[in-house]
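Structure first, commentary second.
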Amino acid sequence: MSVLDKVLSLRPGNVVARVGPGSRVPLLDPRELLAALESTPMALPCLPVLSKGALPGLLGAARAEDSVLGLSCPHPLADRGAPERFVRAVHAAAQEAEHTRPLFLQAGPLRVSSTDADVLDALHDGIFRVVDAGFALVSLDLSRLTSYEAVEAVNALVGPLKERELSLEVSPPQLSSGGLVDACATLLEGLAQWQVPLRFLRVSDAQLGEGELDVELLRQVVETAAGKGVSVSVAESSTGPARGLSSYVAVGVRKVDQGGPFGPLALRAWPPEVREAVVARAQAAGMPAGELLSVLEEGLPPLTPSARETLEALSFAEATEALVALGAHRSASVAMAFLAKPGGDLG
């Protein structure tokens with residue numbers, strides 16, 4: 001059995017059910033990659049797919065750097081078919097490029113706005129759809145909830161992931177007088193008491209200092225999470241150079257969602273009249289225009305061949321810079337060698 005065949009045998013059941021057992025694309029759960037790269041000074045890169053036209057560039061960068069890669073669907077519950085369309089598009093692009101480096105797919109973050117039964121029931125149904133579509137990681141945004149509400153909500157929503165043994169990421173709830181570290185500690189303790197399996201605790205760059213990273217604060221968050229066996233991920237929204245991402249790696253962050261530059265980049269692929277309409281709708285909805293683009297793309301005019309080529313090239317360049325800054329160069333070969341060894345599967 002080849003190294004790739006051994007790695008393919010570790011794909012989650014929901015992935016195999018979606019793409020078929022004959023697929024040669026190694027779509028994994030990020031827990032496997034965390035373990036395989038435990039001693040490697042790097043953070044798992046997770047990049048948003050805001051336009052399907054960016055996929056060849058993102059995947060091409062991972063091959064060029066021999067890197068593992070996460071791809072996120074920011075709004076998988078925008079409509080009922082969104083999760084399946086996303087996974088189909090990623091799989092088709094990976095198949096066409098004969099991509100054999102490990103990938104993982106992230107849904108969200110999904111915003112949990114309240115603990116009302118109707119809200120939680122709708123989200124629970126949405127998470128079932130996401131799992132069935134083939135995502136191995138679901139991220140929940142709990143920032144609008146109190147600590148007590150956050151634990152209640154996660155406990156109500158985690159069922160579909162526990163049943164399939166898939167990965168969960170959560171953000172801290174509302175900050176109290178104790179600040180970010182206290183909010184993280186309270187949430188982690190509550191989830192531990194309910195035996196909720198948690199893979200990542202997600203914090204945003206905005207929570208870690210205005211303009212300049214508060215390294216000591218981030219170190220405290222990492223240590224607090226590590227005490228519960230949880231890894232920290234950072235949502236990085238800066239549109240500046242990706243070189244600063246290495247600061248997260250130095251403190252022990254294990255996943256970075258690099259969203260900043262990809263929204264403007266994707267938006268520029270459309271002609272001015274389309275961009276203006278998307279920006280106007282985004283302002284009305286109170287969300288970044290690039291993120292809204294990922295929701296509206298199916299209804300927009302198709303990109304011209306020239307625009308698609310430009311988007312692919314620019315996505316390749318931005319992704320390459322992020323992968324290098326996160327220490328991900330050669331991480332794919334390292335991970336696959338580990339996972340192909342007897343006992344490399346964590347189960």
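The values are calculated or read from the model by the stated rules, or taken from the named source; none is laboratory data. All figures in this text were calculated on a predicted structure; none of them were measured in a lab. Because the Cβ atoms are built from the backbone with ideal geometry, glycine has one as well, and the counts that use them run over all protein chains shown. Heads up: the accessible areas ignore ligands, DNA and RNA and are worked out on the full protein's heavy atoms, side chains in. Shrake-Rupley method; radii C 1.70, N 1.55, O 1.52, S 1.80 Å.
At a Förster distance of 22 Å, what's the computed FRET efficiency of D121 paired with E84, Cβ-Cβ distance as r, to 0.05? It comes out at approximately 0.55. Computed with the Debye formula from one identical point scatterer per Cα of the chain, without solvent, the log10 of I(q)/I(0) at q = 0.06, 0.07, 0.16 Å⁻¹ comes to -0.19, -0.26, -1.58. Please turn the phi angles of region 260-265 into ³J(HN,Hα) values with the Karplus equation 6.51 cos²θ - 1.76 cosθ + 1.60 (θ = phi - 60°), one per residue in order, whole Hz, x for glycine and proline. Coupling constants for region 260-265: x, x, 7, x, x, 4 Hz.
Per residue, the convex hull spanned by the Cα atoms of region 135-238 amounts to 96 cubic angstrom.
Comparing Q220, Q207, Q283 in a Gaussian network model of the chain (Cα springs below 10 Å), the most mobile by mean-square fluctuation is Q283. Between S204 and A235, the built amide H atoms are under 5 Å apart, and every one of these is 5 or more places off in sequence or on another chain.
Taken one residue at a time, the phi angles of region 109-120 give Karplus couplings (6.51, -1.76, 1.60, θ = phi - 60°) of x, 8, 7, 9, 8, 6, 9, 4, 4, 5, 5, 5 Hz. Gly and Pro are set to x.
Quote the Stokes-Einstein diffusion coefficient, in whole µm² s⁻¹, for region 96-167, based on the Kirkwood radius over alpha carbon pairs, a temperature of 20 °C and a viscosity of 1.002 mPa s. Here the translational diffusion coefficient equals 164 µm²/s. The alpha carbon centroids of region 1-35 and region 168-184 are separated by 33 Å. With K and R counted +1 and D and E -1, the other residues having a Cβ less than 13 Å from that of P241 yield a net charge of -2. Here region 207-226 and region 112-131 have alpha carbon centers that stand 30 Å from each other. In the complete set of protein chains, residue-level accessible area for H124 is approximately 50 Å², probe 1.4 angstrom. Amide H to amide H distances under 5 Å link V68 with S331, A332, where only residues 5 or more positions off or on other chains count and H is placed in the peptide plane.
Rg over Rh for region 208-270 works out to 1.06, both radii taken from alpha-carbon positions and Rh defined as the Kirkwood radius.
Taking θ as phi - 60° and the Karplus parameters 6.51, -1.76 and 1.60, the scalar couplings of region 225-233 work out to 5, 4, x, 10, x, 10, 8, 9, 10 Hz in sequence order, x denoting glycine and proline. Counting only protein heavy atoms and a 1.4 Å probe, the chain has 42 square angstrom of accessible area per residue. What value does region 14-122 have for Rg/Rh, both radii from Cα atoms and Rh as Kirkwood defines it? Rg/Rh for region 14-122 comes to 1.00.
Once backbone amide H atoms are built at 1.01 Å from N, Q106 has L71, S72, C73 as its partners under 5 Å, excluding neighbours fewer than 5 places away on the same chain.
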